[in-house]
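The values are calculated or read from the model by the stated rules, or taken from the named source; none is laboratory data. If you're wondering where the values come from, they're calculated on a predicted model, not measured in any experiment. Virtual Cβ from ideal backbone geometry, glycine too; neighbours counted across all protein chains shown.
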Amino acid sequence: MPRRFDHYVIVDWSAASQPKKGRDSIWICHRGPHGERYENLATRHLSKVRLTEILAGVAASDERAILGFDFPFGYPTGLACRLGLTGPPWRALWDEIAGLLHDHEDNRNDRFAVAAELNHRVSNGRFPFWGCPAGFLHKFLGPKHHGRHEVEGLAEKRLIDRWMTGAQPCWKLAYTGSVGSQALTGIPVVRGLRHDSRWAARARVWPFETGLSLPEDAQIVFAEVWPSWWKVRPEYGPPNDKAQVRTVAEVFAERDSAGELAAWFEGDPDLGEDQKRIIETEEAWTLGVTAARQRSVPARGGRQRQGAGAFQPYSYLRDPAEITCRSFALISAEADLGRFRAAVRPLALRLAHAAGDTTILDELVWTRGAVDAGQQALAAGAPILVDSTMVAAGITIDPDRVICTLRDPETAGLAAAERTTRSAAAVERWRPYLSGAVVAIGNAPTALFRLLELLAQGAPRPAVVLGFPVGFVGAAEAKAALAAFGQGLEFITLHGRRGGSALAAAAVNALAGTP
């Protein structure tokens, strides 16, 4: 049986910019051989001093301690790479944050400026960090969620955050649940404690330095915890912060006494090898989470009803017209449609509706005559050329006008002969139909690239190209090539990786004025 811990130290952190006690401040609970002690420290400096004293006692007595902090130890995979950092990603990020942050003894700190600098280096814009006080005005940090994670290629949440219902993203720096600020101010403190020369050789950060395990030589272990994972004992407060640290320290001590705590360091046993690698090198894990927690769906009235015949029907809209009307009203209220001229707004609404996401409209681009050209072509009965059967299935115009050559037997042979994709080969077979057609590409970047090559070689010009290929390889590049093609080619496209068959079909339907 693994050696048990002697000390259980749980820390509820705070990124406050001035000394503070009570609710939403720093609370520390220490359960050890001499009982329980809990403290409310007014500053991060005083908290680090107190934690150093605890660890000095642990090291001097050759005892074992687990220290749990309630903020993320890592970031979604890819951040270190985007910053151009080298070495183990987690260590490079910890070193970088510690080098950038200035945190004074009275709690004054520049965490928002640090986040803005990281945004600048990652995206030259207000991504990925967000959230700041009203008085903090900066080109590279905004007060509201930017909604750019899918476009920019950095996930909003880590794997563990998706395991835990209600966990906040580490990019969030302000407002309720601003764990991003806690991480920026807390990581340098944990880093400093871990590297104290008096015990550095015996200290480990889990799971970065231990893997998803608990090595015997780890005398002092630093780990990420999330107190909301456990049911808090309210009698241990108030405030709730105090009750949380006391509850978690008690849970850890009891589970260790029962011989169960060591297994928690393995995380979820169903994790795949790729997931484990990401966790151990970059994203971290939360100690005590051994399976994903799913949010239950309450029956009407907010209560779970049990027993035969007790099920209550769900309350939801059933009228299709009302659903569409309500959806468009919500899109109009949420999106900035003022930048779209009147002819483009119905198209923008349909695209946001198809995607379920108004943020895609920030990446929508079009030529001035594209909408008129598409509407006129469709009204005149022009053919509609599509790159996939999924696009064809979503178009509500006369299906006899929709042409998809992807699955034709000749297409597969042409693709093999030309050593290209079937999607690109299918475009070759559009030549007889191209003049004045409406082209809708919602799947394959290679289809859009090949179309542009044909047009550059003198192929007949379509009335409009609706370019919405989707994916990680070539999609953004193909759409950028479409936007830069020139030569009077009318087009509508969506910059970045996002797109898809539903968007391409929605664009056709919007131009046709059909449901």
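Does ALA377 satisfy being in a helix (DSSP H, G or I), assigned by TED's automatic domain parsing to the domain that holds THR493 and either among the polar types (S, T, N, Q) or in contact (Cβ under 8 Å) with a residue 40 or more places away in the chain (or both)? Quick ask: steps written out before the conclusion?
Working: in a helix (DSSP H, G or I): yes; assigned by TED's automatic domain parsing to the domain that holds THR493: yes; either among the polar types (S, T, N, Q) or in contact (Cβ under 8 Å) with a residue 40 or more places away in the chain (or both): yes.
Spelling it out, ALA377 is indeed in a helix (DSSP H, G or I), assigned by TED's automatic domain parsing to the domain that holds THR493 and either among the polar types (S, T, N, Q) or in contact (Cβ under 8 Å) with a residue 40 or more places away in the chain (or both).
How many residues are of a type in the set (D, E, K, R) and surrounded by 17 or more Cβ atoms within 10 Å (Cβ to Cβ) if we restrict to segment 363-394? Walk me through it before giving the result.
Looking only at segment 363-394, we keep the residues that are of a type in the set (D, E, K, R), and these are 363, 368, 372, 387.
Still in the running and surrounded by 17 or more Cβ atoms within 10 Å (Cβ to Cβ): 363, 387.
Residues flagged as of a type in the set (D, E, K, R) and surrounded by 17 or more Cβ atoms within 10 Å (Cβ to Cβ) within segment 363-394 amount to 2.
Please list, ordered by residue number, the helices (runs of 4 or more DSSP H) wholly in segment 268-373 having 3 or more residues that are modelled with pLDDT of 85 or more.
Details: elements: 273-278, 320-334, 345-355.
Helices (runs of 4 or more DSSP H) meeting the threshold: 273-278, 345-355.
For segment 235-261, what are the residues that are closer than 17 Å to ASP24 by Cβ, surrounded by fewer than 17 Cβ atoms within 10 Å (Cβ to Cβ) and more than 32 Å from the chain's Cα centre (by Cα)?
Correct list: PRO238 only.
Restricting to segment 74-127, and then to whatever is touching a residue at least 60 places away in the same chain (Cβ under 8 Å), among the hydrophobic types (A, V, I, L, M, F, W, C) and farther than 18 Å from GLU282 by Cβ, can you tell me which residue is surrounded by the most Cβ atoms within 10 Å (Cβ to Cβ)?
ALA115
Tell me which of these LEU385 doesn't satisfy, since it passes every other one: (1) touching a residue at least 60 places away in the same chain (Cβ under 8 Å); (2) touching a Leu at 6+ places or on another chain (Cβ under 8 Å); (3) part of a helix (DSSP H, G or I).
(3)
Hey, does segment 55-62 have a residue that's under 36 Å from the mean Cα position of the chain (by Cα) and without any contact (Cβ under 8 Å) to a residue 40 or more places away in the chain? Write out each step before concluding.
Let us first name the residues in segment 55-62 that are under 36 Å from the mean Cα position of the chain (by Cα), namely 55.
Add one more test, that the residue is without any contact (Cβ under 8 Å) to a residue 40 or more places away in the chain, and what stays is none.
The answer is no, given that none of the residues of segment 55-62 is under 36 Å from the mean Cα position of the chain (by Cα) and without any contact (Cβ under 8 Å) to a residue 40 or more places away in the chain.
Only one residue in ILE66, ILE97, ILE10 is closer than 21 Å to ALA183 by Cβ, in the same structural domain as ARG158 (by TED's automatic domain parsing), outside any helix (DSSP H, G or I) and of a type in the set (A, V, I, L, M), so which one is that?
On the way: ILE97 fails: outside any helix (DSSP H, G or I); ILE10 fails: in the same structural domain as ARG158 (by TED's automatic domain parsing).
Criteria check complete, one pass: ILE66.
Run down ASP161, ASP196, ASP241 and say which single residue is part of a loop (DSSP other than H, G, I, E, B) and among the charged types (D, E, K, R). Break it down into steps so the answer makes sense when it comes.
Values: ASP161 fails: part of a loop (DSSP other than H, G, I, E, B); ASP241 fails: part of a loop (DSSP other than H, G, I, E, B).
Selected residue: ASP196, the only one of ASP161, ASP196, ASP241 that is part of a loop (DSSP other than H, G, I, E, B) and among the charged types (D, E, K, R).
Which ones in segment 128-153 are under 18 Å from SER17 (Cα atoms) and touching a residue at least 40 places away in the same chain (Cβ under 8 Å)?
TRP130, GLY131, CYS132, PRO133
Which residues, taken from segment 153-199, are of a type in the set (Val, Ile, Thr), more than 15 Å from the chain's Cα centre (by Cα) and within 18 Å of LEU93 (Cα to Cα)?
Step one: of segment 153-199, the residues of a type in the set (Val, Ile, Thr) are 160, 165, 176, 179, 185, 187, 189-190.
In the following step, the residues that additionally are more than 15 Å from the chain's Cα centre (by Cα) were identified as 176, 185, 187, 189-190.
Once the filter is applied, which keeps residues that are of a type in the set (Val, Ile, Thr), more than 15 Å from the chain's Cα centre (by Cα) and within 18 Å of LEU93 (Cα to Cα), segment 153-199 yields THR185, ILE187, VAL189, VAL190.
Would you check if ASP12 is out of contact with any strand residue (DSSP E or B) (no Cβ under 9 Å at 6 or more places or on another chain) and in contact (Cβ under 8 Å) with a residue 60 or more places away in the chain? I'd like the intermediate steps shown before the answer.
Values: out of contact with any strand residue (DSSP E or B) (no Cβ under 9 Å at 6 or more places or on another chain): no; in contact (Cβ under 8 Å) with a residue 60 or more places away in the chain: yes.
When the stated conditions are applied, ASP12 does not pass them.
Provide a single number: the residues in segment 49-63 that are closer than 24 Å to TRP285 by Cβ and either in contact with a helix residue (DSSP H, G or I) (Cβ under 7 Å, 6 or more places away or on another chain) or not assigned by TED's automatic domain parsing to the domain that holds ASP256 (or both).
Final tally of qualifying residues: 2.
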